[in-house]
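The values are calculated or read from the model by the stated rules, or taken from the named source; none is laboratory data. Since the structure is predicted, the reported quantities are computational estimates derived from the model, not experimental observations. When we count neighbours, we look across all protein chains shown, and the Cβ atoms used for this are built from the backbone with ideal geometry, even at glycine.
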Amino acid sequence: MKFFRKTLSDSSGFTLIEALVAIVVFSIGILAMSKMHLSASLGNHNAFELTASTMGASNEMESLLASRYSALSANTTHSKQYRTFTVNYTITQSSNSTELKNITVTVTRNNHPEIVNTYKLAIANLQP
């Protein structure tokens, strides 16, 4: 009989309190990881939108650079709407030269209108 009492009183293992503490610590870790995953997903989405809007501006600038100088009317503003952003560009005559036009390309994201990226370029008339 003493043998059974001794083995029951000396039993090793986890108590209920230890198991609950382990579950709480594990749950806090899982919550922290889920918040980190959410932050990473939002950052990835913002980076995707920034890349897409920059590519849209780059495409517009490339098409403007490929245009003939005479086809670019000075003092005009154009706008092109994409799914997640809007590209606006303004063509002005340079004050320094009559053979130079300045182009300002502005990209505004639709879901973050406070974030505006602006690119400037100049096109010269190379025709004699």
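Of the residues making up segment 81-115, just one is loosely packed, with under 13 Cβ neighbours inside 10 Å and part of a strand (DSSP E or B), namely GLN81.
Among the residues of segment 116-128, the one identified as touching an Asp or Glu at 6+ places or on another chain (Cβ under 7 Å) and either assigned to a strand (DSSP E or B) or of a type in the set (Ser, Thr, Tyr) (or both) is ALA124.
On the basis of being surrounded by 10 or more Cβ atoms within 10 Å (Cβ to Cβ) and either modelled with pLDDT under 90 or among the aromatic types (Phe, Trp, Tyr) (or both), does PHE4 make the cut? Judged against the criteria, PHE4 is not a match.
Can you go through ILE103, ILE91, ILE123 and tell me which one is closer than 25 Å to THR51 by Cβ, over 13 Å from the mean Cα position of the chain (by Cα) and of a type in the set (A, V, I, L, M, F, W, C)? One residue alone meets the criteria, ILE103. For PHE85, state whether it is under 18 Å from ASN117 (Cβ atoms), in contact with a Lys or Arg (Cβ under 7 Å, 6 or more places away or on another chain) and not basic (Lys, Arg). Considered against the rule, which asks whether it is under 18 Å from ASN117 (Cβ atoms), in contact with a Lys or Arg (Cβ under 7 Å, 6 or more places away or on another chain) and not basic (Lys, Arg), PHE85 comes out as yes.
Could you run through segment 47-80 and say how many residues are hydroxyl-bearing (Ser, Thr, Tyr), in a helix (DSSP H, G or I) and out of contact with any Ser or Thr (no Cβ under 9 Å at 6 or more places or on another chain)? Result for segment 47-80: 6.
The numbered conditions (1) in contact (Cβ under 8 Å) with a residue 24 or more places away in the chain; (2) surrounded by 10 or more Cβ atoms within 10 Å (Cβ to Cβ); (3) of a type in the set (S, T, N, Q) are all true for THR77 except (1).
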